[in-house]
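A short worksheet on the structure shown next.
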Amino acid sequence: MSTDQSPGPLALVGSGEYLPQMAEIEGSLIAGRPPRYVQIATAAVPDGEPTVERWHNLGIAQAERLGVEPVILDVKHRDDADSADIAKLVEGAGLIYLSGGHPGFLAETLRDTVVWAAIVEAWRNGAALAGCSAGAMAFSAWVPSLRHPREGGTRGLGLLHHVRVIPHFDAFVSRIPDMMTRFLLPHDPAITVLGVDEETALVGGPSEWVVKGKSSAWRLTDSGREQLVSGTTVTTPV
C-alpha cells in the first residue's frame, strides 16, 4: 500500500467474531481492500492451545466464506510479538482482526512491540482494523477488569485514548446491576464509555461510528445510559 492513504475503518465488536452471522460486517470491512485477512487470537492464549486453535479454525472458515486469504499471526508471548518475521505477515492486509479472550493479556503482550507497530502502520495506510470483545477493549488507553472492576486494570494499546469499550453489554448488564457499571466509568470527561451488545459492532472511527448488527450500542455516563440502535451514528470527540 502507498503511504499517502488515509487510515482504514475501525470496528469495535461486542461478540461474534468469525461467525456466519457476522460475515456481512467483516465482509464490508475488507471490501475494496486487499483480500488478505490477518487474524490474531493472542487474547485466547491464557485459555490454552485448544481454544487458540478453535479461534484459528473459525477465522479460516470465515475467510473462506468471504473468499479471501486467511493469515494467522501466531503470537503467544512478547517474543513472538517482537518477531520481525511475524510482523512482516501484516504487510498487504485488507483487514486485521484481534479476537476475544483476556484483554489485559492481549494488551500486555502486544503493547510497544514490532507486531503492534506493523498493525498500526497497516491501519494508517488503509487497512481495516477490528477488535472483538477483548480486542476492542485493548484498543483503549486503559483496560479495566470486567470481573473485578474495583481492582483496576492495565494499560491498553493506546490506539483510542478517548474511548473505552464494554463488550457483551447486553449479557453483561443482565448479570450485573447497573450500579456496578459505574466502577467502569473514568473520572476523565474526555473519555467516552461505550457498551456494545453481542453480535453488534461500532464501525468507523476514530471520532464517528455507525452501529451495525443485530442489536445496540450504549453510551454510558454518570447519569445513566443512552441506547444507540443499529444504524445510529455516534460521535466520540477526540
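Throughout, read-outs are computed from the coordinates displayed, never taken from laboratory work. Owing to the predicted nature of the structure, the values given are computational and were not obtained by experimental measurement. Glycine gets a Cβ as well: all are built from the backbone with ideal geometry, and neighbour counts include every protein chain shown.
So here's what we get for this one:
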read-out	value
With 10 Å bins from 0: P(r) over the stretch 3-44, alpha-carbon pairs, percent	21, 55, 21, 3
Radius 14 Å from Cβ of LEU160, net charge of other residues (Lys, Arg +1; Asp, Glu -1)	+2
Phi to ³J(HN,Hα) by Karplus 6.51 cos²θ - 1.76 cosθ + 1.60 over the stretch 10-26, Hz, x for Gly, Pro	10, 9, 10, 10, x, 5, x, 3, 6, 7, x, 5, 9, 4, 5, 5, 5
Partner aspartates and glutamates for LYS76 [C-alpha distance under 14 Å; skip if fewer than 8 residues away on the same chain]	ASP47, GLU49, GLU53, GLU108
Spin-label zone in the stretch 74-99 - amide nitrogen under 18 Å from a point set 7 Å from the Cα of ARG65 along the C-beta vector	95-99
Burial order of peptide ranges 71-77, 84-90 (average beta-carbon count within 10 Å, highest first)	71-77, 84-90
In nm, spacing of pseudo-spin labels at SER207 and HIS162 (7 Å Cα→C-beta vector)	0.5 nm
Cα centroid separation, the stretch 221-238 to the stretch 1-54 (Å)	24 Å
Peptides ranked, highest mean first, by Cβ atoms within 10 Å: ranges 58-70, 224-236	58-70, 224-236
Interchain or long-range residues, amide H under 5 Å from ILE166's placed H	LEU194, GLY195, VAL196
D (Stokes-Einstein, µm²/s), Kirkwood Cα radius, the stretch 38-139, 0.890 mPa s at 25 °C	185 µm²/s
Debye, to nearest 20: dipole size of the chain, +1 on Lys, Arg Cβ, -1 on Asp, Glu Cβ	460 debye
Residues whose placed amide H lies under 5 Å from that of GLY126, excluding near-sequence neighbours	GLY8
In order through the stretch 121-136: 3J(HN,Hα) via Karplus (6.51 cos²θ - 1.76 cosθ + 1.60), integer Hz, x for Gly, Pro	4, 4, 5, 4, 9, x, 6, 6, 9, 10, x, 10, 6, 4, x, 5
Highest-first arrangement of 157-169, 28-40, 125-137, where packing means the average Cβ count within 10 Å	125-137, 157-169, 28-40
Amide H contacts under 5 Å for SER83, placed H, 5+ residues apart	VAL115
Crossing angle, helix 49-66 versus the chain [Cα axis fit, 0-90 degrees, rounded to tens]	80 degrees
